[in-house]
Amino acid sequence: MENTIRSLQQEITDFEITTHADLEAFRLKYTVRKGLIAALFGQLKTVAPADKPRIGQLLNQLKLTADNRIDEEEAKLAANAGDSAKRIDLTLPGRRYFTGSEHPVQKVLGEMKQIFSAMGFGIATGPELELDRYNFDLLNFPPDHPARDMQDTFFVTTGNPDTDLLLRTHTSPVQVRVMLDHEPPIRVICPGKVYRNEAISARSYCVFHQLEGLYIDKKVTFADLKATIYSFARQMFGTDVKLRFRPSFFPFTEPSAEVDVTCYLCGGKGCRVCKKSGWLEIMGCGMVHPNVLRNCGIDPETWSGYAFGMGVDRTVLLRYKIDDIRLLFENDLRMLRQFPA
(Lines give C-alpha, C1' and ligand atoms only; values in the text may rest on other atoms or scores of the structure.)
Protein backbone atom coordinates (compact mmCIF):
# COMPACT_ATOMS: atom_id res chain seq x y z
CA MET A 1 0.00 0.00 0.00
CA GLU A 2 2.92 2.30 0.66
CA ASN A 3 4.04 1.96 -2.95
CA THR A 4 0.51 2.81 -4.14
CA ILE A 5 0.51 5.97 -2.04
CA ARG A 6 3.90 7.11 -3.38
CA SER A 7 2.83 6.37 -6.95
CA LEU A 8 -0.37 8.39 -6.46
CA GLN A 9 1.67 11.23 -4.92
CA GLN A 10 3.75 11.46 -8.07
CA GLU A 11 0.65 11.25 -10.26
CA ILE A 12 -0.95 14.17 -8.40
CA THR A 13 2.20 16.24 -8.83
CA ASP A 14 2.45 15.50 -12.55
CA PHE A 15 -1.25 15.97 -13.38
CA GLU A 16 -1.51 18.66 -16.10
CA ILE A 17 -4.00 21.45 -15.34
CA THR A 18 -4.44 24.29 -17.83
CA THR A 19 -8.19 24.98 -17.73
CA HIS A 20 -11.03 24.97 -15.27
CA ALA A 21 -12.23 21.72 -16.84
CA ASP A 22 -8.84 20.11 -16.03
CA LEU A 23 -9.10 21.35 -12.47
CA GLU A 24 -12.58 19.88 -12.08
CA ALA A 25 -11.38 16.55 -13.51
CA PHE A 26 -8.50 16.54 -10.98
CA ARG A 27 -10.89 17.20 -8.12
CA LEU A 28 -13.31 14.46 -9.17
CA LYS A 29 -10.51 11.93 -9.57
CA TYR A 30 -8.63 12.50 -6.34
CA THR A 31 -10.36 14.58 -3.65
CA VAL A 32 -14.11 13.84 -3.68
CA ARG A 33 -15.72 11.33 -1.34
CA LYS A 34 -15.53 8.56 -3.94
CA GLY A 35 -12.09 9.57 -5.24
CA LEU A 36 -8.83 7.64 -5.15
CA ILE A 37 -7.58 9.21 -1.91
CA ALA A 38 -10.82 8.40 -0.07
CA ALA A 39 -10.56 4.80 -1.35
CA LEU A 40 -7.06 4.47 0.15
CA PHE A 41 -8.35 5.78 3.50
CA GLY A 42 -11.00 3.04 3.31
CA GLN A 43 -8.25 0.40 2.95
CA LEU A 44 -6.43 1.61 6.05
CA LYS A 45 -8.35 -0.90 8.20
CA THR A 46 -6.62 -3.76 6.40
CA VAL A 47 -3.15 -2.51 7.32
CA ALA A 48 -1.27 -4.21 10.14
CA PRO A 49 -1.67 -2.33 13.46
CA ALA A 50 2.05 -1.69 13.70
CA ASP A 51 2.10 0.02 10.26
CA LYS A 52 -1.11 2.05 10.66
CA PRO A 53 0.53 5.21 12.14
CA ARG A 54 3.07 5.44 9.33
CA ILE A 55 0.57 4.65 6.55
CA GLY A 56 -1.96 7.09 8.05
CA GLN A 57 0.65 9.83 8.06
CA LEU A 58 1.44 9.16 4.39
CA LEU A 59 -2.27 9.30 3.50
CA ASN A 60 -2.68 12.63 5.31
CA GLN A 61 0.30 14.02 3.45
CA LEU A 62 -1.18 12.75 0.17
CA LYS A 63 -4.50 14.49 0.87
CA LEU A 64 -2.70 17.71 1.83
CA THR A 65 -0.72 17.61 -1.42
CA ALA A 66 -3.91 17.25 -3.48
CA ASP A 67 -5.67 20.09 -1.63
CA ASN A 68 -2.68 22.40 -2.03
CA ARG A 69 -2.52 21.60 -5.73
CA ILE A 70 -6.17 22.63 -6.15
CA ASP A 71 -5.58 25.93 -4.32
CA GLU A 72 -2.49 26.72 -6.38
CA GLU A 73 -4.14 25.95 -9.71
CA GLU A 74 -7.28 27.98 -8.82
CA ALA A 75 -5.06 30.96 -8.06
CA LYS A 76 -3.18 30.56 -11.36
CA LEU A 77 -6.39 30.31 -13.39
CA ALA A 78 -7.84 33.37 -11.69
CA ALA A 79 -4.67 35.36 -12.35
CA ASN A 80 -4.66 34.33 -16.01
CA ALA A 81 -8.30 35.35 -16.33
CA GLY A 82 -7.44 38.77 -14.88
CA ASP A 83 -4.61 39.24 -17.36
CA SER A 84 -6.82 38.36 -20.30
CA ALA A 85 -9.52 40.73 -19.05
CA LYS A 86 -7.03 43.56 -19.04
CA ARG A 87 -6.17 43.04 -22.69
CA ILE A 88 -8.06 45.41 -24.98
CA ASP A 89 -9.09 44.49 -28.48
CA LEU A 90 -9.16 47.79 -30.35
CA THR A 91 -11.00 46.18 -33.27
CA LEU A 92 -14.13 45.59 -31.17
CA PRO A 93 -17.00 48.12 -31.47
CA GLY A 94 -17.38 50.60 -28.62
CA ARG A 95 -19.73 49.89 -25.75
CA ARG A 96 -22.68 52.19 -25.12
CA TYR A 97 -23.03 53.24 -21.51
CA PHE A 98 -26.60 53.96 -20.43
CA THR A 99 -27.03 56.84 -18.01
CA GLY A 100 -29.90 57.25 -15.61
CA SER A 101 -32.44 60.03 -15.84
CA GLU A 102 -35.00 61.83 -13.73
CA HIS A 103 -38.54 60.52 -13.59
CA PRO A 104 -40.78 62.90 -15.56
CA VAL A 105 -42.70 63.80 -12.39
CA GLN A 106 -39.49 64.79 -10.59
CA LYS A 107 -38.28 66.57 -13.70
CA VAL A 108 -41.40 68.75 -13.93
CA LEU A 109 -41.53 69.26 -10.16
CA GLY A 110 -37.94 70.51 -10.28
CA GLU A 111 -38.87 73.03 -12.98
CA MET A 112 -41.84 74.22 -10.94
CA LYS A 113 -39.65 74.76 -7.90
CA GLN A 114 -37.18 76.79 -9.96
CA ILE A 115 -39.94 79.00 -11.41
CA PHE A 116 -41.50 79.80 -8.03
CA SER A 117 -38.12 80.14 -6.30
CA ALA A 118 -37.24 82.82 -8.84
CA MET A 119 -40.44 84.64 -7.78
CA GLY A 120 -39.29 84.65 -4.15
CA PHE A 121 -41.16 81.60 -2.83
CA GLY A 122 -39.50 79.37 -0.25
CA ILE A 123 -40.09 75.61 -0.06
CA ALA A 124 -41.84 73.93 2.88
CA THR A 125 -42.56 70.23 3.48
CA GLY A 126 -44.56 68.29 6.03
CA PRO A 127 -45.62 64.75 7.06
CA GLU A 128 -47.65 62.57 4.72
CA LEU A 129 -49.34 60.91 7.72
CA GLU A 130 -51.33 63.87 9.01
CA LEU A 131 -53.73 64.81 11.81
CA ASP A 132 -57.38 65.36 10.93
CA ARG A 133 -57.11 68.76 12.62
CA TYR A 134 -54.47 70.03 10.19
CA ASN A 135 -55.94 68.34 7.11
CA PHE A 136 -59.53 69.54 7.62
CA ASP A 137 -60.50 71.47 10.78
CA LEU A 138 -58.03 74.36 10.59
CA LEU A 139 -58.72 74.69 6.86
CA ASN A 140 -62.37 75.57 7.50
CA PHE A 141 -63.84 72.21 6.43
CA PRO A 142 -67.32 71.79 7.97
CA PRO A 143 -67.86 68.54 9.92
CA ASP A 144 -70.20 67.21 7.21
CA HIS A 145 -68.03 68.16 4.20
CA PRO A 146 -67.98 65.38 1.54
CA ALA A 147 -64.16 65.32 1.53
CA ARG A 148 -64.28 63.84 5.03
CA ASP A 149 -66.14 60.80 3.71
CA MET A 150 -64.30 57.46 3.77
CA GLN A 151 -64.72 57.26 -0.01
CA ASP A 152 -62.26 60.14 -0.47
CA THR A 153 -59.84 59.84 2.45
CA PHE A 154 -57.60 57.03 3.68
CA PHE A 155 -58.14 57.17 7.45
CA VAL A 156 -55.65 55.40 9.70
CA THR A 157 -57.34 56.01 13.07
CA THR A 158 -60.72 57.57 13.88
CA GLY A 159 -62.67 58.49 16.99
CA ASN A 160 -60.91 61.57 18.36
CA PRO A 161 -60.72 64.75 16.24
CA ASP A 162 -57.46 65.77 17.95
CA THR A 163 -55.67 62.45 17.36
CA ASP A 164 -57.31 61.03 14.20
CA LEU A 165 -54.64 60.12 11.65
CA LEU A 166 -55.04 59.98 7.89
CA LEU A 167 -52.99 60.05 4.71
CA ARG A 168 -53.09 63.70 3.72
CA THR A 169 -55.47 64.48 0.87
CA HIS A 170 -53.64 67.67 -0.14
CA THR A 171 -50.49 69.56 0.89
CA SER A 172 -52.55 72.37 2.45
CA PRO A 173 -51.73 71.05 5.98
CA VAL A 174 -48.16 72.14 5.29
CA GLN A 175 -49.45 75.68 4.74
CA VAL A 176 -51.27 75.46 8.08
CA ARG A 177 -48.09 74.38 9.84
CA VAL A 178 -46.17 77.24 8.25
CA MET A 179 -48.78 79.80 9.33
CA LEU A 180 -48.79 78.41 12.88
CA ASP A 181 -44.98 78.46 13.14
CA HIS A 182 -44.15 81.73 11.32
CA GLU A 183 -45.45 85.25 11.42
CA PRO A 184 -46.38 87.05 8.16
CA PRO A 185 -45.25 87.94 5.60
CA ILE A 186 -45.18 84.36 4.27
CA ARG A 187 -44.38 83.21 0.74
CA VAL A 188 -43.90 79.44 0.31
CA ILE A 189 -44.68 76.54 -1.99
CA CYS A 190 -45.50 73.10 -0.56
CA PRO A 191 -44.70 70.17 -2.89
CA GLY A 192 -45.31 66.53 -2.00
CA LYS A 193 -47.30 63.31 -2.40
CA VAL A 194 -50.98 63.15 -1.47
CA TYR A 195 -53.46 60.29 -1.23
CA ARG A 196 -57.16 59.95 -2.11
CA ASN A 197 -59.41 56.92 -2.15
CA GLU A 198 -60.35 57.24 -5.81
CA ALA A 199 -60.90 54.77 -8.62
CA ILE A 200 -57.78 54.37 -10.76
CA SER A 201 -58.26 55.40 -14.38
CA ALA A 202 -56.43 57.15 -17.20
CA ARG A 203 -57.18 60.52 -15.55
CA SER A 204 -56.93 59.78 -11.80
CA TYR A 205 -54.83 57.76 -9.38
CA CYS A 206 -54.99 57.01 -5.65
CA VAL A 207 -51.60 58.62 -5.01
CA PHE A 208 -50.30 61.65 -6.86
CA HIS A 209 -48.15 64.76 -6.42
CA GLN A 210 -49.26 68.28 -5.62
CA LEU A 211 -47.61 71.65 -5.42
CA GLU A 212 -49.42 74.33 -3.45
CA GLY A 213 -48.47 77.95 -2.90
CA LEU A 214 -49.23 80.46 -0.16
CA TYR A 215 -48.56 84.20 -0.03
CA ILE A 216 -49.63 86.31 2.96
CA ASP A 217 -48.80 89.99 3.33
CA LYS A 218 -50.53 93.31 3.70
CA LYS A 219 -52.85 94.38 0.87
CA VAL A 220 -52.51 91.20 -1.18
CA THR A 221 -55.21 91.09 -3.89
CA PHE A 222 -56.67 88.67 -6.43
CA ALA A 223 -54.78 90.60 -9.10
CA ASP A 224 -51.51 89.51 -7.45
CA LEU A 225 -52.71 85.91 -7.62
CA LYS A 226 -53.58 86.18 -11.33
CA ALA A 227 -50.23 87.76 -12.13
CA THR A 228 -48.40 84.93 -10.36
CA ILE A 229 -50.36 82.22 -12.18
CA TYR A 230 -49.94 83.90 -15.58
CA SER A 231 -46.19 84.19 -15.02
CA PHE A 232 -45.94 80.53 -14.01
CA ALA A 233 -48.08 79.29 -16.92
CA ARG A 234 -46.08 81.18 -19.54
CA GLN A 235 -42.80 79.82 -18.21
CA MET A 236 -44.17 76.29 -17.88
CA PHE A 237 -46.30 75.90 -21.01
CA GLY A 238 -45.01 78.61 -23.34
CA THR A 239 -45.72 82.28 -23.97
CA ASP A 240 -48.68 81.53 -26.27
CA VAL A 241 -50.64 79.61 -23.61
CA LYS A 242 -54.22 80.72 -22.98
CA LEU A 243 -55.73 80.68 -19.48
CA ARG A 244 -59.30 80.73 -18.22
CA PHE A 245 -60.41 81.50 -14.65
CA ARG A 246 -63.72 79.96 -13.59
CA PRO A 247 -65.53 80.75 -10.30
CA SER A 248 -65.41 77.81 -7.91
CA PHE A 249 -65.68 76.90 -4.22
CA PHE A 250 -63.08 75.69 -1.72
CA PRO A 251 -63.61 75.81 2.06
CA PHE A 252 -60.22 77.44 2.63
CA THR A 253 -60.41 80.25 0.03
CA GLU A 254 -62.93 83.00 -0.72
CA PRO A 255 -63.34 84.01 -3.50
CA SER A 256 -62.16 80.84 -5.28
CA ALA A 257 -61.43 79.94 -8.87
CA GLU A 258 -60.27 77.08 -11.06
CA VAL A 259 -57.72 77.71 -13.80
CA ASP A 260 -57.85 76.02 -17.22
CA VAL A 261 -55.39 75.97 -20.11
CA THR A 262 -56.03 75.17 -23.74
CA CYS A 263 -55.99 71.42 -24.44
CA TYR A 264 -52.53 70.20 -25.42
CA LEU A 265 -53.84 67.56 -27.85
CA CYS A 266 -56.42 69.45 -29.90
CA GLY A 267 -55.17 73.01 -29.41
CA GLY A 268 -58.56 74.08 -28.08
CA LYS A 269 -60.65 72.53 -30.86
CA GLY A 270 -62.16 69.81 -28.65
CA CYS A 271 -61.20 66.15 -28.24
CA ARG A 272 -61.69 63.07 -26.04
CA VAL A 273 -59.15 64.17 -23.44
CA CYS A 274 -60.72 67.61 -22.85
CA LYS A 275 -64.26 66.22 -23.25
CA LYS A 276 -64.82 68.36 -26.36
CA SER A 277 -64.44 71.57 -24.32
CA GLY A 278 -61.00 72.61 -25.59
CA TRP A 279 -59.86 73.31 -22.00
CA LEU A 280 -58.03 71.36 -19.30
CA GLU A 281 -58.01 72.26 -15.61
CA ILE A 282 -54.53 72.75 -14.10
CA MET A 283 -55.15 74.21 -10.64
CA GLY A 284 -57.48 75.67 -8.06
CA CYS A 285 -56.82 79.00 -6.36
CA GLY A 286 -58.30 81.84 -4.35
CA MET A 287 -57.86 84.31 -1.54
CA VAL A 288 -57.16 82.69 1.83
CA HIS A 289 -60.40 82.48 3.83
CA PRO A 290 -60.46 84.77 6.89
CA ASN A 291 -61.45 81.79 9.07
CA VAL A 292 -58.26 79.97 8.06
CA LEU A 293 -56.18 83.00 8.99
CA ARG A 294 -57.92 83.24 12.37
CA ASN A 295 -57.48 79.51 13.02
CA CYS A 296 -53.73 79.97 12.50
CA GLY A 297 -53.45 83.04 14.72
CA ILE A 298 -53.26 85.64 11.92
CA ASP A 299 -55.44 88.75 12.02
CA PRO A 300 -57.46 88.93 8.74
CA GLU A 301 -58.06 92.64 9.31
CA THR A 302 -54.32 93.29 8.95
CA TRP A 303 -53.17 90.51 6.66
CA SER A 304 -54.54 88.98 3.49
CA GLY A 305 -53.21 86.35 1.13
CA TYR A 306 -53.78 83.98 -1.72
CA ALA A 307 -53.28 80.23 -2.15
CA PHE A 308 -53.15 77.93 -5.15
CA GLY A 309 -52.70 74.22 -5.70
CA MET A 310 -51.99 72.11 -8.76
CA GLY A 311 -51.45 68.46 -9.59
CA VAL A 312 -47.86 67.89 -10.69
CA ASP A 313 -48.81 64.67 -12.47
CA ARG A 314 -51.48 66.44 -14.51
CA THR A 315 -48.94 69.06 -15.50
CA VAL A 316 -46.65 66.24 -16.65
CA LEU A 317 -49.45 64.92 -18.85
CA LEU A 318 -49.92 68.39 -20.31
CA ARG A 319 -46.21 69.04 -20.78
CA TYR A 320 -45.33 65.75 -22.49
CA LYS A 321 -48.71 64.96 -24.11
CA ILE A 322 -49.23 61.73 -22.17
CA ASP A 323 -52.85 60.57 -22.17
CA ASP A 324 -52.75 58.04 -19.29
CA ILE A 325 -51.60 58.96 -15.76
CA ARG A 326 -51.02 55.29 -14.93
CA LEU A 327 -47.93 55.31 -17.13
CA LEU A 328 -46.22 57.52 -14.55
CA PHE A 329 -46.47 54.83 -11.86
CA GLU A 330 -45.79 51.59 -13.76
CA ASN A 331 -41.97 51.92 -13.98
CA ASP A 332 -42.02 50.88 -17.64
CA LEU A 333 -38.50 51.50 -18.93
CA ARG A 334 -39.79 51.95 -22.47
CA MET A 335 -41.61 55.05 -21.29
CA LEU A 336 -39.02 56.31 -18.80
CA ARG A 337 -36.18 56.14 -21.35
CA GLN A 338 -37.98 58.80 -23.38
CA PHE A 339 -36.98 61.35 -20.73
CA PRO A 340 -33.14 61.40 -20.83
CA ALA A 341 -31.11 63.43 -18.38
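Below is a table of values for the structure above.
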read-out: Meets criteria (within 30 Å of the chain's Cα centre (by Cα) and of a type in the set (Val, Ile, Thr)) for VAL288; value: no
read-out: Residue identified as more than 20 Å from LYS113 (Cα to Cα), modelled with pLDDT under 95 and either in contact with a helix residue (DSSP H, G or I) (Cβ under 6 Å, 6 or more places away or on another chain) or not small (Gly, Ala, Ser) (or both) among ARG294, ARG272; value: ARG272
read-out: Pick from the range 217-261, criterion aromatic (Phe, Trp, Tyr) and closer than 27 Å to ASN295 by Cα, ranking: surrounded by the fewest Cβ atoms within 10 Å (Cβ to Cβ); value: PHE249
read-out: Meets criteria (outside any helix (DSSP H, G or I) and assigned by TED's automatic domain parsing to the domain that holds THR302) for SER277; value: yes
read-out: Top-ranked residue in the range 168-212 [being small (Gly, Ala, Ser) and under 18 Å from GLU128 (Cβ atoms); ranked as farthest from the chain's Cα centre (by Cα)]; value: SER172
read-out: Top-ranked residue in the range 118-146 [being within 16 Å of GLY309 (Cα to Cα) and in a helix (DSSP H, G or I); ranked as farthest from the chain's Cα centre (by Cα)]; value: LEU139
read-out: Odd one out for THR163, checked against (1) in a loop (DSSP other than H, G, I, E, B); (2) within 27 Å of the chain's Cα centre (by Cα); value: (2)
read-out: Any pair with Cβ under 8 angstrom, 6 or more apart, that starts in the range 292-317 at a residue that is within 18 Å of PHE245 (Cα to Cα) and ends at one that is of a type in the set (Phe, Trp, Tyr) and in a helix (DSSP H, G or I); value: TYR306/PHE222
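The values are calculated or read from the model by the stated rules, or taken from the named source; none is laboratory data. Remember, predicted model here, so these are calculated numbers, not experimental data. Positions of Cβ are backbone-derived with ideal geometry, glycine not excepted, and every protein chain shown enters the neighbour counts.
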